[in-house]
Structure formats: structure tokens, C-alpha cells
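Quick notes on the structure that follows.
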Amino acid sequence: MMKGKIFFGVIIVECVLLAVLLIHGRIRYHSQDFHHLEAKRTLVSQLGLTDYAIWTEARYTRHPSQADFFSAFQDFPAAFEHFPAGGIIAPPQFLQGEVE
Amino acid sequence: MAYIEIEGLSKVYNVGRADELTALADVSLSIDSGEVAVLTGSSGSGKTSLLSLIGCMARPTQGKVIIAGKDVAKLPERFLTAVRRKRFGFIFQQFNLIRDVSVLENVLLPLYPLDLGMSAMKDKAMPILEKLKISHKKNLKVKNLSGGEQQRVAIARALINEPEVIIADEPTAHLDRRLAQEFLDILEVLNHEGKTIVIATHDPFVYDNRLVGKTVSMRDGRIEGVTIH
Amino acid sequence: MIKHLKIIEYALSSLLRRKTKIIAIFIAYTLTVATLASVLFLTHALKTEATHILQGVPDLIVQRILGGRHDLIPVDYAEKIKDIFGVSEVKPRYWGYYYDALTEANYTVMGAGDAALELKLLDGKLPATEFECAVGKGVAALRGADYSNELILVNSRNIGVLFDVSGIFQSDSSLLTNDLVLLTNEAVIDFFGFEPGRATDLAVTVQNSNELQTVAVKIKKLFPDARPITKRELTRTYDMVFNWRSGMMLTVFCAAIMALCIMAWDKATGISAEEKLEIGILKAIGWDTDDVLILKFWEGVIVSMTSFLTGLLLSYVHVFYFDAFVLSTILKGWSVLFPAFQLTPSVNVLHIFTMFFLTVVPYIASTVIPTWKTAVTDPESVMRG
Ligand SMILES: Nc1ncnc2c1ncn2[C@@H]1O[C@H](COP(=O)(O)OP(=O)(O)O)[C@@H](O)[C@H]1O
Ligand SMILES: [Mg+2]
């Protein structure tokens, strides 16, 4: 049953590989937790940062949490926009009409 | 009592439609254990239809098919499969082998659904392949074999379940005289081992053979006459 | 058990016979899973990271709204806010955007306030004088500031101002600092020409986080033109930005599901004469309907499991070891300054299960179900070749 063995071999190898990656990820996560996450958190609190610097093309993409009520997204997420990023990120919570 | 007993059998295709066709009408026949029976008749006379009903490959519209004392015509599908597997080995006109798969795998195929280990299966297959003189080609793909070799693979596959009955539909249609003779030689050996053999053919080379115990001539879905040799 | 092993063996032979078709399906399937998984991994990692690091954001940001727009806020609002019970500190923040015509990129110019001069992820120091600046990796690279140690920006009076680069943020912090130009608060005011006594917004620290909401309400009452944004809203933003309803997820999921549907449709309609004959042969030589369905089930499992696992592996390596280089080109959009994602690996196991049920299960179903009809019919037709 050669083919069957190869198939199960492949599946097992892939599962093991995945497990190793996930475990390695966990380890990295916890080791980085100290140097980086902590340092980044300090950066945020020291400089008063509020947003990721991912999209710099417009105010509502650079600072989604700071965008005013008249920014894009006010109507609905799929609204046609000038910048693709606006189609990728969702409107901030306070524009989604969620009451808490 | 006969091993295969057929009573008032009819088969109608496309019932109730414009192209309704009666392939078999009120056929009765009996075949004894260890007998070599040949169905003859021109093309379209209903030989294949009768063979498939005997072999539990289809259900009759009316009538009884009694195999070893048991009417199988109305058995549920699961039991029909079991009867087919236990009692019949088929050799089809087109061989119906899986062309891109090796000889050995083709022969083992009927055993796959059984709880039998791979090595036990091979132990069963090898003597049969040797007897049919194709064991040296067991790892070749079927599509790379000649017509005669392909038929021997088909025979090996039909034998692997140790069936009591061999059913062959136009087995010599794609063979030359020499290969047809070889085929009949193989059948003779099998018959001596006690197997019942039912063949449909319109090849005189087959139905005139001394091996044949009973000739059933058919026409338009009816039996015209039965000759016992 | 042994029966299943044998049927798997035959399923594999059977698949190998249709090599080109199976390879095509495998590739399409793997890519679909890889795309789906990459998006999920990336957004999940961004989200997790955001919830961790945005713990440090101000408790409350108070903006001023004028004519429906964000406007500069008078700094003396701070005095009255400080008097609200529970508020321990109010700091004005000075920041704005700068379009650099030279590189056609937008920078975020920010006052460093009273932050500690040395920070862990900063090579060098924060600006101590009005003539110094600290910049993000992206700005530094774009302007060659890492070699020249100088940065010239044009201020609101259209005069070029030369800053010494006192520090450059390490790339590990790019997700936060890529486009930053940090100046002293005074330098920001002067650079943008803010009216005296005005700030961009106010950062409010509240002693007891339970009182945040009350404080926000009080501020709103005190200054009707103010808009308080709570820490909860800030941190939740990134939970929401990458949620299931966001455009990217929607698009990718639709595309992925569509791809799988097309595949399923093709399989459902395309049970070929050859396949039918094979099923007939198997039944004729003693296979049960169940056995045929088991065979098809395993065919489905083999194709979908290998593709699923391969796709998952590819996407994991792609996102966490190659910084999502394929996806980020899509995410980038028109951004000139785009940070490299060096993401902390974190995976939601639920996502993996969701993808499993969205991709593997329908595929297996679409392999088995179309066979049903052929498998239950009598094998008589094979007799006719
Ligand atoms: N599935 C079917 N549907 C309709 N007609 C059929 C079908 N199978 C066979 N027939 C018809 O039944 C008749 C008998 O056919 P068959 O048993 O194959 O005869 P033979 O094997 O003697 O040539 C033929 O006229 C054939 O066309
Ligand atoms: Mg015929």
C-alpha cells in the first residue's frame, strides 16, 4: 500500500510542520512580548499615538479612530472611494451606530 | 433442482414512454450446476439483457430469478450486491478493465471492499495470474496489454472471488481464432473445476464447441428453442 | 479499517490517473485557502497586536468640532477639564499632516510633548530643541535622512526649515511610527503656524477607568463643541477595522467562496461518462453503493486535506516569515509610505476551523453527492460497454 503510505506521510508531515510553526509562533510571541510589545506600548503612551501608521493617503485612513463624523464611510462600507484603503478597512465603531 | 431457475421473466425498457421496448418477454429457463450454457441469437435478440438479469445486474420487470433456491428479483440492492459478489464472475465484451491501473490492481479490485489484508489478497491473486500466464505482467498498466492479455486479466478478475458461475458476454468478439481457442481452453479447465458457465455469443466457433452442454437460441426477446448436447 | 485503507489506496490510483485535472484543482484550491488564511492571519495578528500596544493610548482624547469638522481646540479648555472630578492630567497634543511634494508622500508631524528623550525602539533621541526631529523609518528611507542626518520641510509660511535628525525609529516599530516626524511642541506650533493658545486636541488622563464615560459626558456638557473619544473607542477601532464586515474581508471571502462554488459546480455537473463507466464496473464486480461512496469520500478528503494543509502552511509562512509581502502590496493601495509588517505571530484556532468547514466540507460534499445518483443505479449498463 505504497501510495496510501505516501499520502498519510504527506498529511502527517504537513500537520507536524503546521504544529511546529504554531508552537514556534507561540514561543516567538512570548519572547517578543517582552522586548517589543512592551516597548511599543511605551512608545504609544509616551508619544500619545492613537493609530497604526499603515495608510497615509488620507486622514480617515491614517487616523481612523480620530476621523470626524463627516469623513468617508459615513454612508456605508462599500461606498465608492478615491483611495483603495477606504474599501479595505471598516468604518470606526462610532459610525456604525452601535450603542453601548 | 437447477442452480439457476428463471420463470416467466420479462424486461421492458423505458416503461410508459414513447420509446418503450420489450427486450425480454416471458422467458423461462433453467441451468444446472456445472453446466456450460450458451445463449445464441442475432444482435438485439435479448442475450445481454438476459445475462444481466441472471447476474443480478438489473431487475426484471416481471418474473422470478431463482439462484440456488432463492428468488433474487426483489431483493434489496445491498443483498443483490452480495449475491453478485459471492456467486458471479463477469467477463464483459469490452473487458471493462480500468485501463490506467495495473494488472494486479484490476484483478484485486473486487476484493477491496472485503475485510482482507493486502498480502492475503495478493496470495489469492497470484495463483490465478500464473494459471492464466500473465503473472509476469502484473505491474503493467492494462492499456499497454494486447487484446488477448486484456481478456485474461478480465478472466482473472472474474475468478478472484471464487464464483460459482462465470458469465461471459460475447467473449470472442474481439479475439482472433487462436485467442478464441485459448479462451475456450481456459473455460474447459474452469468447467472441470466445477464452475457453471453462461455465455452469450453469436460466434459459431463458440456455440459449436464440444464443451457446450446446452444451447439456448433466442429471437426478439423470446426463447426459440433449447438444444441439449 | 483495512477496507478503508484499501479504498484509499485505490482512490489515490484513481486520482493519479487524472493527474492534470487534479493538479489544477490542487493549485486552485491551495491558492484559495492560502489567500483566505493569509488575510485571516494578517488581520488577526494586526488586531491582537493593536489590542496589546494600544493599551497605552490616552484615556480620553478631546477634539473640537467646528462646522462639522475637526478644528483646533483652545488650550484653556484644559483648565476646566482638569477641574472635573476624576481627571488627573490634561495634555495638549500638537500634530498635523504634511504633504511632501518632493516624495509625494504624507507625513504625520507630531509634537513629542514631554516624552522621555530616550525610548527603546528609537535609535538616537527625541528632539530636545526646536531644530531637531526624530523620524520614522519610512520617512528616513524616503528622504535619505539616515545618511544626511538632515531633513528640510517647508513650513506654513512657505519657508524651508532645516531639522537635524536626532533619532530614527527602529523598523520594529514601523507599524506605529513609519510616517512620523517628531518635533518639539513649540516647533510644531511654529511650523504649522497654529494660532497661539490652540492645540490639535487634548489628551486626558482619568484616574479610575470606570469613570471614563462619566467624564466624557461631563466634558461634552461643559463644552458643547467638544468631542471626547474614549480609550475604549480607540482600542475598539482596530477590532472593527479588520472585522468580517470590512471591505477586504468581504471581498476576499466572496472571491474564495465563489472559487469553491465554481469548482463544486464543475464537479457536480461534470461526472463524466468515463467516471460513470468506472462506477458501473466497480458495482458489477461486487462493490456496494456504500463502497463507491466511500471511495468518492476519500477522493474528496485526499484532495481537500492536502490542499487545505498546504494552503495553510503557505499562508502562515507568507504572513509571519515573509512579512505578508504579497498581501501587503494589495493592502498598500496608493500609500507611498507603507510600513513593513513584522507581525508577532498569533493565530486564532477558531479561524482555522472556520476555514476548514468553509472549504473542506463543501468540497467533499460536492465530490460525494453527484456520485450518488450513478452509484445507486443498476450496473447493467456496463454490460453494454
Ligand atoms: N437500456 C436500454 N434502454 C432501451 N433499450 C435497450 C436497453 N438495453 C437494451 N435495449 C434494447 O433491448 C433489446 C435487446 O438488447 P440486448 O439484450 O443487448 O440484445 P443482444 O445482447 O442479444 O444483442 C435491443 O433492441 C436493445 O436495443
Ligand atoms: Mg449483447
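The values are calculated or read from the model by the stated rules, or taken from the named source; none is laboratory data. Remember, predicted model here, so these are calculated numbers, not experimental data. Neighbour counts are summed over all protein chains in view; Cβ atoms, including those assigned to glycine, are modelled from backbone coordinates with ideal geometry. Keep in mind that these areas ignore ligands, DNA and RNA; they rest on the heavy atoms of the full protein, side chains included. Shrake-Rupley method; radii C 1.70, N 1.55, O 1.52, S 1.80 Å.
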Report the accessible surface area buried between chains B and C, summing both sides, using a 1.4 Å probe on protein heavy atoms only, in Å² rounded to the nearest 100. 2900
Using DSSP, restrict attention to beta bridges with both residues in chain C and report what percent are antiparallel, rounded to the nearest 5. 80
Whole-Å distance linking the alpha carbon centroid of region C:178-211 with that of region B:158-195 is 97
Average partner coverage of C:212-220, which counts Cβ from other chains inside 10 Å: 0
Solvent-accessible area, 1.4 Å probe, carbon plus sulfur percent, for the protein assembly as shown: 59
Could you list the trypsin sites (Lys or Arg not before Pro) in region B:129-188 that lie in coil according to DSSP, counting only those with at most 14 other Cβ atoms within 10 Å of their Cβ? B:Lys133
Can you work out the accessible area per residue across region C:274-361, with the rest of the protein chains kept in place, probe 1.4 Å, in square angstrom? 35
Only helices counted: for chain B, with every DSSP H run of 4 or more residues adding -39500 (n - 2.57) and the sum spread over all residues, [θ] at 222 nm is -9500 deg cm²/dmol
Restricting region B:63-100 to trypsin sites (Lys or Arg not before Pro) in coil, as DSSP defines it, with at most 16 other Cβ within 10 Å: B:Lys74, B:Arg99
For B:Arg219, enumerate residues with amide H under 5 Å from its amide H, sequence gap 5+ or separate chain, H modeled in the peptide plane. B:Glu224
Low-density loop cleavage sites - chymotrypsin sites (Phe, Trp or Tyr not before Pro) in region C:59-125, where at most 16 other Cβ are within 10 Å (DSSP): C:Phe85
As a test question: what accessible area, to the nearest 10 Å², does C:Leu119 have when a 1.4 Å probe is rolled over all protein chains in place? 20
With at most 14 neighbouring Cβ atoms within 10 Å, loop GluC sites (Glu not before Pro) (DSSP) excluded, longest segment of chain B: B:21-192
Could you name every residue in region B:113-143 that has 40 Å² or more less accessible surface in the full protein assembly than in its own chain alone (probe 1.4 Å, ligands and nucleic acids excluded)? B:Pro113, B:Asp115, B:Met118
Cβ-based net charge around C:Gly124, under 11 Å, with every Lys or Arg adding one and every Asp or Glu removing one: -4
So what's the convex hull volume per residue for the Cα atoms of region B:1-156, in Å³? 154
Antiparallel %, DSSP beta bridges [both residues in chain B], to 5: 55
Probe 1.4 Å - accessible area at A:Trp55, Å² to nearest ten: 10
Residues with beta-carbon under 12 Å from that of C:Ala340, excluding C:Ala340: net charge, scoring Lys, Arg +1 and Asp, Glu -1? 0
Taking only DSSP H segments of four or more residues, each worth -39500 (n - 2.57), what value at 222 nm results for chain C once the sum is divided by all its residues, to the nearest 500 deg cm²/dmol? -17500 deg cm²/dmol
Solvent-accessible area per residue for region A:2-47 at a 1.4 Å probe radius, Å²? 59
Karplus-derived 3J(HN,Hα), 6.51/-1.76/1.60, for each residue of region C:95-101, Hz, glycine and proline x: 7, x, 10, 9, 8, 9, 4
What ³J(HN,Hα) values, in whole Hz, does the Karplus curve 6.51 cos²θ - 1.76 cosθ + 1.60 give for region C:288-304 when θ = phi - 60°, with x put for Gly and Pro? 7, 3, 4, 4, 5, 5, 4, 4, 5, 4, 5, 4, x, 4, 4, 5, 6
Where Rh denotes the Kirkwood radius from the mean inverse Cα pair distance, what is Rg over Rh for region C:59-230? 1.01
Accessible area of region C:1-66 divided out per residue, in Å², using a probe of 1.4 angstrom: 33
For C:Glu150, enumerate residues with amide H under 5 Å from its amide H, sequence gap 5+ or separate chain, H modeled in the peptide plane. C:Val165
Could you report the buried accessible area between C and A, both sides summed, computed with a 1.4 Å probe and given in Å² to the nearest 100? 7100
Counting partner chain Cβ atoms within 10 Å of every residue's Cβ in C:274-282, what's the average? 3
Under 10 Å, Cβ to Cβ, from C:Ile168 - net charge with Lys/Arg +1 and Asp/Glu -1: -1
Average other protein chain Cβ within 10 Å of Cβ, residues C:201-210: 1
Which value, in Å² rounded to 10, gives the accessible area of B:His174 with a 1.4 Å probe and all protein chains present? 110
